Amino acid sequence: MKHLLSTSDLSLVDTLQLLDVAEEMAAVGEREIKKLPALRGRTVVNLFFEDSTRTRISFEAAAKRLSADVINFAAKGSSVSKGESLKDTAQTLEAMSADAVVIRHPASGAPARLAASGWIDAAVVNAGDGTHEHPTQALLDAFTLRRHWARITGTPSAGTDLGGMRILIVGDILHSRVARSNVWLLTTLGAHITLVGPPTLLPVGVGSWPCEVLYNLDDAVATRPDAVMMLRLQAERMNAAFFPSTREYSRNWGFDDARLALLDVMGLDDTVIMHPGPMNRGLEISSAAADSPRSTVLAQVRNGVSVRMAALYLLLSGRGHHEENRGAGGALPRTANRMTQEQA
Amino acid sequence: MTVPAPYSGAKQRVVLAEADIDRALTRIAHEILEANRGTSDLVLLGIPRRGFPLAQRLARKIADVDPGVDPDSITGQLDVTMYRDDLRRNPTRSPLATQLPASGIDDKVVVLVDDVLYSGRTIRSALDALVDLGRPRIVRLAVLVDRGHRELPIRADHVGKNLPTSSSERVRVHLREVDAAGAAGPGGAGDEVVIEGGA
């Protein structure tokens, strides 16, 4: 694994390794001294072109717990607002010898561009790109689900997958990179995914995804799911009318108090409610649902640090591509050649 | 652990058979008890993979001598992967679980247990890992085989067998808890210590 760009190209073996390493990282998070020396002397740059609270803090905590140096870069207040291109920003980071770049960008595919362009040698971690993917969020969701699944089936969580689990992903699928990453990853792990949302908020071509699609949340809950993942309604990406009113959306596709009570009536004692955050309370999820014992929202945040530690450790420890590239003739001549070709 | 098929001309000799290993562990168990004057505050931490089953065996032997001891409650596993000094030189390794006894290691007498003592670098990593987990009163080291060639100022307190080797040789320890029957050495599926290769 050289970069972590997408969950669609993660094999089952790689996924299980990542989750198993995260399990050990979680144990470190419960110790008095929550620090490991594994990435001492490595530099991780958080390159955030979009607003973020938990993802950036989570990556920062993960890198620091592994003893890496962290440089935070937010597009606001940087030369990006003066019109600097992604390429020039990336090469500035390269000149500061970053070993890993954690990038969030409003354009889908920006991390893949950074990884494939040869502008930098660093490992690239996608922390959310446009409406494409958010792989570490899906990994922490999978980690949370796996621990829950292991607890109710009474098996140790290390090494197991999510075979037989039924998961609903509800809401604004169209704009959600979290939904996309989760569909690929949870399917790889053997779970059965059902997407639920208004037809206007489901992407074109969803029929070719490895999942079921339902338009009615009550019908979907009747299939007795083991987990319900509510997505945030991404108003900032909506430049058209997707539904008549937020109240109607909330009534039809929000996880409200009535649906929370329905889970109890149906005897679904082990069904959890997930949300990647930030939550619009009262819109896609009611406060009672968000604060109920079924809610895994805070566990997801906690597990995020462990999963990101595992990702950074697996990308940066070991005899990586970084040294190999520099060893084989060095990075500078390669970059120089490429620039000449581009100019030609 | 995979063991490559023996190539023609490979030298393989068994230096400790199952009964030898058992006798060595019995002696080490008694040495530990003697050095500690009993079982008080004793914690055995095995270094994965083969150190952990050895620690379990030692704990059972200690419990045979002192029936008041529950072998599981004094045994633990200490993973040192994240503390190694060669992480950047080798392919990525996945860390294994660290499990400490419920009583912790603060103010205890911790005996680190490993199968082969060679450069001493694993033990250096283990000492660093211990510092992050607590503050033992004493740390001792017990190994099944000491093959020499130390690269750090580290020595074992309890040694099953001192084995003079050349650095071109390999010492393989087979334990039935860890090594599958298919990966067994020349003596079959049982426990043994084998030296391979060399001049």
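Using the structure shown, decide if residue B:93 is within 14 Å of chain A (Cβ to nearest Cβ) and either in a loop (DSSP other than H, G, I, E, B) or open to solvent by 60 Å² or more (accessible area, probe 1.4 Å) (or both). Yes, satisfied.
Would you confirm, using the coordinates I've provided, whether residue A:130 is without any contact (Cβ under 8 Å) to a residue 12 or more places away in the chain and in contact with a strand residue (DSSP E or B) (Cβ under 8 Å, 6 or more places away or on another chain)? It is false that residue A:130 is without any contact (Cβ under 8 Å) to a residue 12 or more places away in the chain and in contact with a strand residue (DSSP E or B) (Cβ under 8 Å, 6 or more places away or on another chain). Residues that are out of contact with any Asp or Glu (no Cβ under 9 Å at 6 or more places or on another chain) and open to solvent by 60 Å² or more (accessible area, probe 1.4 Å) number at least 1 in the following strands (runs of 3 or more DSSP E) confined to the stretch A:140-236: A:212-214.
Inside the stretch A:24-34, residues that are open to solvent by 50 Å² or more (accessible area, probe 1.4 Å) and facing chain B (nearest Cβ under 7 Å) make up a count of 1.
Give A:69, A:88 a once-over and let me know the one that is free of Cβ contacts under 8 Å to residues at least 40 places away in the same chain, loosely packed, with under 15 Cβ neighbours inside 10 Å and more than 14 Å from chain B (Cβ to nearest Cβ). Break it down stepwise before answering.
Details: A:69 fails: loosely packed, with under 15 Cβ neighbours inside 10 Å.
It is A:88.
Output yes when any residue across the stretch B:64-79 is at pLDDT 95 or above and within 9 Å of chain A (Cβ to nearest Cβ), and no when none is. Yes - at least one qualifying residue is present in the stretch B:64-79.
Across the stretch A:246-293, the number of residues qualifying as open to solvent by less than 50 Å² (accessible area, probe 1.4 Å), over 23 Å from residue A:58 (Cα atoms) and in contact with a Leu (Cβ under 9 Å, 6 or more places away or on another chain) comes to 14.
Residue-by-condition table, conditions (1) within 14 Å of chain B (Cβ to nearest Cβ); (2) in a strand (DSSP E or B):
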{"residue": "A:37", "(1), (2)": "yes, no"}
{"residue": "A:40", "(1), (2)": "yes, no"}
{"residue": "A:50", "(1), (2)": "no, no"}
{"residue": "A:56", "(1), (2)": "no, no"}
{"residue": "A:60", "(1), (2)": "no, no"}
{"residue": "A:73", "(1), (2)": "no, yes"}
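Considering the conditions (1) more than 11 Å from chain B (Cβ to nearest Cβ); (2) at pLDDT 90 or above; (3) within 21 Å of the chain's Cα centre (by Cα), residue A:21 is excluded by exactly one of them, (1).
Applying the selection to the stretch B:96-142, what residues are polar (S, T, N, Q), within 14 Å of chain A (Cβ to nearest Cβ) and out of contact with any Gly (no Cβ under 7 Å at 6 or more places or on another chain)? Hits for the stretch B:96-142 are B:98, B:125. Taken over the stretch A:118-136, the residue count meeting the criterion of being open to solvent by 10 Å² or more (accessible area, probe 1.4 Å) and either hydroxyl-bearing (Ser, Thr, Tyr) or in a helix (DSSP H, G or I) (or both) is 1. Condition test on residue A:102, is it closer than 23 Å to residue A:143 by Cα and either open to solvent by less than 40 Å² (accessible area, probe 1.4 Å) or touching a Cys at 6+ places or on another chain (Cβ under 9 Å) (or both)? Yes.
The values are calculated or read from the model by the stated rules, or taken from the named source; none is laboratory data. Note that this is a predicted model, so its numbers are computed, not measured. Positions of Cβ are backbone-derived with ideal geometry, glycine not excepted, and every protein chain shown enters the neighbour counts. To get the accessible areas, we keep the full protein, side chains included, count just its heavy atoms, and leave off ligands, DNA and RNA. Shrake-Rupley method; radii C 1.70, N 1.55, O 1.52, S 1.80 Å.
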